[in-house]
Amino acid sequence: MLKIHSLKPGLNCIMLPIHLKTTDTMEEALSEAIVDTGATGDFINQDSVRNAKLLTRKLSQPILVYNVDGTPNEAGSIHKVINMITIYSGHLE
């Protein structure tokens, strides 16, 4: 069983190199992803979006984000989304 205790690369965090492609403009970016964290969706860091100059779309209603213990996440709600394909070693999501 793998337990992820840290987002810092090392023994407790496995990072994979991934290729991202937006579904609308086909913009591409390289990034890293954390191996299955048990999250209920796919998320990308705001700094990564900004650095790759990816276009976002504003949500009509923010999505509230909670930690595993039920407390609100300190980063706040999700206000923007990107429709994209994640590619790792020939596998697409």
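Every number here is computed from the coordinates shown, using simple stated rules; none is lab data. Keep in mind that this is a model prediction, so the values were computed, not measured. Using ideal geometry, Cβ is built from the backbone for each residue, glycine included, and neighbour counts are taken over all protein chains shown.
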| task | Net charge near His19: determine it from the other residues with C-beta under 15 Å of the C-beta of His19, scoring Lys and Arg +1 and Asp and Glu -1. | result | -4
| remark: The set of residues whose placed amide H lies less than 5 Å from the amide H of Ile18, leaving out same-chain residues fewer than 5 positions away, is Ser31, Glu32, Ala33
| message | Apply the Karplus curve 6.51 cos²θ - 1.76 cosθ + 1.60, θ = phi - 60°, to the phi angles in region 66-74 and return the couplings in whole Hz, x for Gly and Pro. | response | 10, 7, 4, 8, x, 7, x, 5, 5
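Can you give the FRET efficiency for Glu28 and Asn73, using 1/(1 + (r/R0)^6), R0 = 30 Å, r = Cβ-Cβ distance, to the nearest 0.05?
Numbers: r = 28 Å, r/R0 = 0.95.
About 0.60, to the nearest 0.05.
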| field | Under 16 Å from Lys80, Cα to Cα: aspartates and glutamates that are on another chain or at least 8 residues apart | value | Asp24, Asp42, Asp47
| said: Taking a ≥ b ≥ c as the square roots of the Cα gyration tensor eigenvalues, with a/c under 1.5 meaning rounded and otherwise prolate when a/b beats b/c, else oblate, which class fits region 15-92? | reply: oblate
| note | Length gained, Lys80-Ser60, 0.36 nm per residue minus C-alpha separation, equals 6.3 nm
